[in-house]
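K.L.:
Before we start, here is the structure in question, set down as structure tokens.
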Amino acid sequence: MSNVAEAGQVALLIGGRGRRFMVRLAEGGALHTHEGIVSHDQIIGRPWGRRVRTQLGKPFLVLEPSTHDLIVHVRRQSQIIYPKEAGYILLKMSIRPGVRVIEAGTGSGGLTIALARAVAPHGRVYSYECRPDMQHNAVRNITQLGLEDCVTFVLRDIAEGFDETEVDAVFLD
């Protein structure tokens, strides 16, 4: 992880009254809000934790999003496992870098995000989902966060079994 925001990364911008915006940074990009426009070029190449201003002079705090932020802002089609429960699951299952874990019931990918960030960079999450629409949404969520290198998605009912052997943990939802 870098101390500096880079193009392609996701940033959390917090504006007036605590309003939160999650954006993928792109050169020439901009966040349009009711408080004005924040140019991504004001953020890229600069340290996290600084303030930027819209063209109207309104301040926004720029942060690298935490796993909590990523989970609660995920686009969802189903109930997600919230950060409090995800933290307990990660601790209980001893999920850490390099671990190989099977997740059954991808849903919108909230827990998948926590698992992928915990096992990175050399671990792997094998996420099984039986509904194509749910898997499509989860793949989009994981890809938008740049976590796809840590996750293998399998479209199949777990009643048909798993392909993987010698994994460190299995989570059934």
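K.L.:
Please name whichever of 16, 123, 147 sits farthest to the positive end of the charge dipole of the chain, dipole taken about the Cα centre and charges placed at Cβ: Lys and Arg +1, Asp and Glu -1.
P.N.:
Positive-end residue among those listed: 16.
K.L.:
Also, quick follow-up: Around residue 29, which amide H atoms from residues at least 5 apart in sequence, or from another chain, sit under 5 Å from its own amide H, with H modelled in the peptide plane?
P.N.:
HN-HN under 5 Å from residue 29: 40, 41.
K.L.:
Under 8 Å for C-alpha pairs, at least 6 residues apart: give me the relative contact order for the chain, rounded to a whole percent. Intermediate values should be presented prior to the final figure.
P.N.:
On the way: 337 pairs, mean separation 30.0, N = 173.
Value for the chain: 17 percent.
K.L.:
Oh, and also: Apply the Karplus curve 6.51 cos²θ - 1.76 cosθ + 1.60, θ = phi - 60°, to the phi angles in the stretch 24-33 and return the couplings in whole Hz, x for Gly and Pro.
P.N.:
Once rounded to whole Hz, the list reads 8, 6, 9, 4, x, x, 7, 9, 9, 10.
K.L.:
Still on this structure, I have one more. Where in the stretch 51-95 does the label zone of residue 168 land, with the point 7 angstrom along Cα→C-beta and an amide N cut-off under 17 Å?
P.N.:
87-95, by backbone N distance to the label point.
K.L.:
Compute the Cα gyration tensor for the stretch 72-165, then decide on rounded, prolate or oblate, letting a ≥ b ≥ c be the square roots of its eigenvalues: rounded whenever a/c is under 1.5, prolate when a/b is larger than b/c in the other cases, and oblate in all that remain. Walk me through the intermediate numbers first.
P.N.:
Working: a/c = 1.37, a/b = 1.09, b/c = 1.25.
Because its axes are fairly even, with a/c under 1.5, the stretch 72-165 counts as rounded.
K.L.:
So what are the ³J(HN,Hα) numbers for the stretch 115-125, from phi and the Karplus equation (6.51, -1.76, 1.60; θ = phi - 60°), rounded to whole Hz, Gly and Pro as x?
P.N.:
Each residue's phi maps through the Karplus curve to give 4, 4, 5, 6, 8, 4, x, 10, x, 8, 10 Hz.
K.L.:
On to the next question. Starting from the amide H of residue 78, placed 1.01 Å from N in the peptide plane, find each other amide H under 5 Å away whose residue is 5 or more places distant or on another chain.
P.N.:
108
K.L.:
For a test of the definition: using alpha carbon positions, the gyration tensor, and the 1.5 limit on a/c, classify the stretch 90-130 as rounded, prolate or oblate. Each step should come with its number before you reach the end.
P.N.:
On the way: a/c = 1.85, a/b = 1.66, b/c = 1.11.
Judged from the Cα gyration tensor, the stretch 90-130 comes out prolate (a/c at least 1.5, a/b above b/c).
K.L.:
Sequence-distant or interchain residues sharing an amide H contact under 5 Å with residue 154, placed H: which?
P.N.:
Here the answer is 127, 128, 129, since their amide H atoms fall under 5 Å of that of residue 154.
K.L.:
Taking Cα Rg over 2.2 N^0.38 Å as the quantity of interest, determine which of [x] 1.05; [y] 1.13; [z] 1.29 was computed from the displayed structure.
P.N.:
Among [x] 1.05; [y] 1.13; [z] 1.29, the one calculated here is [y].
K.L.:
Out of the DSSP beta bridges found with both residues in the chain, what percent are antiparallel (nearest 5)?
P.N.:
On the way: 16 of 30 bridges.
In the chain, approximately 55 percent of DSSP beta bridges are antiparallel ones.
K.L.:
Hey, got the dipole for the chain? About the Cα centre, +1 on K and R Cβ, -1 on D and E Cβ, debye to the nearest 20? Write down the numbers at each step before the final one.
P.N.:
Values: 20 positive and 19 negative charges, 213 e Å.
Its charge dipole is roughly 1020 debye.
K.L.:
I've got another one for you. What's the longest piece of the chain with no exposed GluC sites (Glu not before Pro), counting a site as exposed if DSSP puts it in a loop and it has at most 15 other beta carbons within 10 Å?
P.N.:
Numbers: sites that count: 6, 27, 164, 166.
Segment 28-163 is the longest.
K.L.:
Using the Karplus equation 6.51 cos²θ - 1.76 cosθ + 1.60 (θ = phi - 60°), what ³J(HN,Hα) coupling, rounded to whole Hz, does each residue of the stretch 56-70 give in order, writing x for Gly and Pro?
P.N.:
8, x, 7, x, 10, 8, 10, 10, 6, x, 7, 4, 4, 4, 4
K.L.:
With the dipole of the chain worked out from charges on the C-beta (+1 for Lys and Arg, -1 for Asp and Glu) around the Cα centre, which of 72, 134, 61 lies farthest toward the positive end?
P.N.:
Working it through, the farthest residue towards the positive pole turns out to be 61.
Every number here is computed from the coordinates shown, using simple stated rules; none is lab data. The shown structure was predicted, so the numbers you read here are calculated from the model rather than taken from an experiment. Positions of Cβ are generated from backbone atoms using ideal geometry, with glycine treated the same way; all protein chains shown enter the neighbour counts.
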